[in-house]
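In what follows, a single structure is set out as structure tokens and then discussed.
Coordinate-derived values only; no laboratory data. The structure presented is a predicted model; accordingly, all values stated were derived computationally and were not measured. Cβ coordinates were reconstructed from backbone atoms using ideal geometry, including for glycine residues, and neighbour counts include every protein chain displayed.
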Amino acid sequence: MSTLEQLRFDNTYTRLPSVFYQRVRPTPLPNPHLVSFNAAAAALIDLDPQESQRPEFLAFVNGDMLLPGSDPIATLYAGHQFGHYVPQLGDGRAILLGEIRNSRDEKWDVQLKGAGLTPFSRDGDGRAVLRSTIREYLCGEAMHGLGIPTTRSLCIISGNEMVWREQPEPGAILVRLAPTHIRFGTFEVFYYRRQFEELRILADYVIDHHYPHLSGRDDRYTGLLHEVAVRTGQLIAQWQAVGWAHGVMNTDNMSIVGITLDYGPFGFMEYFDPGFICNHSDRYGRYAFQNQPDIGYWNIRAIAQALSPLVAPSDVQAAPDVYEHALLDRYAELMRAKLGLLESHVGDDKLVTDLLNLMHANRVDYTTCFRMLAEFRQDDPDGLAGIRTLFKDSDGLTWWAERYRARLAAEKSIDEERRRRMNAVNPKYILRNYLAQHAIEQALRHRDYTEIERLRVLLADPYSDHPGMEDYARPLPPECPPIIVSCSS
Ligand code: AMP
Ligand code: MG
């Protein structure tokens, strides 16, 4: 375990051509205080959690004190936003302090999100608000707990600076960790500027650092595109299987290493609704839940296009299909596991779809339904235990359950083993919007951050029963109006 001073900082990105980034100094928040510290993320950079108690820690994460080897920059990128190409975006409020190499020889970007203006801030103020940093912090940990690749967060700090969104809100800094923050849009900016040499340098950088098995190979760029397509497909399959919507799947929010990146107005579905739109500003539902696989396809076309100067036309053309196969295979696998099935049989996809349709028609909570299905008993004439209470259409459910029973029999499924398997893949706890909202309100009204900590610990282990935490597994209480999340963060 390292002290702050022992962290081994470097910034390999600054050894790329200067057009890739701009050097910038963070603008610290006045009178900062620690809102939440994530020991699990500290372990990724070998940081001793006790270090979070030191005043120097606050100075470090506030951008006030630079550690040796760190070289703060804002990186350049572009991207397709809601289908339209925006030629220059870049880190408008995120500052990359550098990278820390841990004892396992993994490299972690350390980025301050909300640390002030950069040359890419455009009309923005360079700040993040406490509300949205809490959401990003908690969701990153929730996704990680669910086994979904994601950026992580080391901590949140807030300070005496109000930031104007629809109203004044406390400013905050989220300290984000990721293997890299490079996006599809980082490639797009050089492609559309016809800077193909820079494009090649970027591709080699990503390969050397993140796909090292491709390094030096003649077909490395094709290999890169192929792997990005596969990882992205598998990632979106995981989002679909857990019922999560990103909300802003612009190409500047798509990670080149296939991790969930840039949490904004995301949402976990409560009752199953394929048309679920979590982003208040997404008027036409471009990024609705059911559209995510198609948008992923669109985005893979965009990254394939951006890599086209380095890759044969036939491989550019093939990439979206590679993506689609990876997504469909992984989704089928995940949904079979959610039903507790070990084998793959013809008709399994229909069994899944029919259950989803029933959930949709009956407005059944997606997470609760799968969790309860583990209790299905093949020897019980009804077999459905509590699930029946979730559905208004009892006949539809009976019809489905009979097919499920036959399907389980066809692979000689053993109830107790199936139950254990299902509880290991169907979470009991997800970051329901109202739970996040409650933690945010406590933080904003009373500077009480205990609920953030409670959720962080709970969501890090979403598959176990947590005694005394039953309420946190409940679907949105019917008396609560749904919380609509705006894009402003
Ligand atoms: P996002 O939709 O949050 O992923 O951001 C899209 C682009 O807008 C990125 O280039 C961000 O850096 C930039 N941006 C978002 N919010 C701000 C802000 N408050 N100040 C400066 N730039 C911002
Ligand atoms: Mg973004």
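At Ser314 and Ser215, where each label point lies 7 Å from the Cα along Cα→Cβ, what is the point-to-point distance in nanometres?
Simple spin-label model gives 3.0 nm for this pair.
Divide, for the stretch 4-182, the radius of gyration over alpha carbons by 2.2 N^0.38 Å, where N is the residue count.
On the way: Rg = 15.6 Å, N = 179, 2.2 N^0.38 = 15.8 Å.
In units of the globular-protein estimate, the stretch 4-182 measures up at 0.99.
Based only on other Cβ atoms within 10 Å, what is the fewest-to-most ordering of Ser121, Ser314, Ser486?
Lowest count first: Ser314, Ser486, Ser121.
Suppose each label sits 7 Å from its Cα in the direction of the beta carbon; what would the His438-Asp382 distance come out to in nanometres?
Here the modelled spin labels are 2.9 nm apart.
Quick one: go through the stretch 456-472 and flag any residue whose amide nitrogen is under 18 Å from the point 7 Å out along the Cα-to-Cβ line of Arg420.
Counting backbone N atoms under 18 Å from the label point, the list is 463-465.
For each of Ile157, Ile484, Ile45, Ile295, count neighbouring Cβ atoms within 10 Å of the residue's Cβ, then give the residues from fewest to most. If you can, show how the numbers build up before the last one.
Working: Ile157 26, Ile484 12, Ile45 22, Ile295 19.
Going from sparsest to densest Cβ surroundings: Ile484, Ile295, Ile45, Ile157.
Can you tell me, using C-alpha contacts under 8 Å and at least 6 residues apart, the relative contact order of the stretch 1-61 as a whole percent?
Working: 26 pairs, mean separation 31.1, N = 61.
About 51 percent, as a whole number.
Could you give me the ³J(HN,Hα) list for the stretch 32-43, computed from phi with Karplus coefficients 6.51, -1.76, 1.60 and θ = phi - 60°, whole Hz, x at Gly and Pro?
My calculation for the stretch 32-43 gives x, 9, 7, 8, 7, 10, 10, 4, 5, 6, 4, 4 Hz in order.
Would you work out if the stretch 288-407 is rounded, prolate or oblate? Take a ≥ b ≥ c from the square roots of the eigenvalues of the alpha-carbon gyration tensor; rounded if a/c is under 1.5, else prolate when a/b is larger than b/c, oblate otherwise. Don't skip to the end; give the middle numbers.
Values: a/c = 3.81, a/b = 2.51, b/c = 1.52.
In terms of gyration-tensor shape, prolate.
Can you give me the Cα centroid spacing of the stretch 41-102 and the stretch 304-328 in angstrom?
If we compute the Cα centre of each part, the gap is 31 Å.
If Lys and Arg each add +1 and Asp and Glu each add -1, what is the summed charge of the other residues whose beta carbon sits under 10 Å from the beta carbon of Gly145? If you can, show how the numbers build up before the last one.
Details: positive: Arg456; negative: Glu141, Asp461.
Neighbourhood net charge equals -1.
Please give, to one decimal in nm, the separation of the simple spin-label points placed at Glu197 and Ala39, each 7 Å out from Cα toward the Cβ.
Label at Glu197, label at Ala39, 5.2 nm between them.
As a test of the formula, what do you get for the chain when each DSSP H run with n ≥ 4 contributes -39,500 (n - 2.57) and the sum is divided by the residue count, at 222 nm and rounded to the nearest 500 deg cm²/dmol? Don't skip to the answer; put the middle values down first.
Values: 14 runs with 188 residues, N = 489.
Per the formula, -12500 deg cm²/dmol.
On a 0 to 90 degree scale, rounded to 10, what angle separates helix 292-306 from the longest Cα axis of the chain?
Between helix and principal axis, roughly 30 degrees.
May I ask you to list the lysines whose Cα is less than 19 Å away from that of Lys350, ignoring any residue fewer than eight positions away on the same chain?
Straight-distance partners of Lys350: Lys338.
Against the longest alpha carbon principal axis of the chain, how many degrees, from 0 to 90 and to the nearest 10, is the axis of helix 450-459 turned?
60 degrees
Which whole-number percent is the relative contact order of the stretch 305-413 (Cα, under 8 Å, 6+ apart)? Show your work: numbers first, answer last.
On the way: 58 pairs, mean separation 25.2, N = 109.
Relative contact order here is 23 percent.
Could you grab the relative contact order for the chain? Cα pairs under 8 Å, six or more apart, rounded to a whole percent.
On the way: 930 pairs, mean separation 70.3, N = 489.
It rounds to 14 percent for the chain.
Stick to Cα atoms and the Kirkwood definition of Rh, then tell me Rg/Rh for the chain. Each step should come with its number before you reach the end.
Details: Rg = 23.0 Å, Rh = 23.6 Å.
The Rg/Rh ratio comes out at 0.98.
Name the shape class, rounded, prolate or oblate, that the alpha-carbon gyration tensor gives for the stretch 157-217, where a ≥ b ≥ c are the square roots of its eigenvalues, rounded holds for a/c under 1.5, and otherwise prolate holds if a/b is larger than b/c and oblate otherwise. The partial results should precede the final answer.
Details: a/c = 5.28, a/b = 2.14, b/c = 2.47.
Oblate, since a/c reaches 1.5 and b/c is not below a/b.
From zero up to wherever the largest Cα-Cα distance of the stretch 342-423 sits, split into 10 Å bins and tell me the percent of pairs in each.
Spelled out bin by bin, the stretch 342-423 gives 17, 56, 27, 0 percent.
Given 0.36 nm per residue, what is the gain on full extension from Arg122 to Thr12 after removing their alpha carbon distance, in nm? All intermediate terms of the calculation are to be shown ahead of the outcome.
Details: separation 110, 0.36 × 110 = 39.60 nm, distance 2.59 nm.
Gain on extension, Arg122 to Thr12, equals 37.0 nm.
Rounded, prolate or oblate: which fits the stretch 185-337, taking a ≥ b ≥ c as square roots of the Cα gyration tensor eigenvalues, rounded meaning a/c under 1.5, else prolate when a/b beats b/c? Display every interim value, and only then the final one.
Numbers: a/c = 2.26, a/b = 1.66, b/c = 1.36.
Cα axes put the stretch 185-337 in the prolate bin.
Go ahead and collect, in residue order, the members of the stretch 445-489 whose backbone nitrogen is under 15 Å from a label point 7 Å along the Cα-Cβ direction of Arg165.
The answer is 445, 483-489.
Arranged by the count of other C-beta atoms within 10 angstrom, fewest first, what order do Arg54, Arg432 take?
Numbers: Arg54 13, Arg432 23.
If I rank by nearby Cβ atoms, fewest first, I get Arg54, Arg432.
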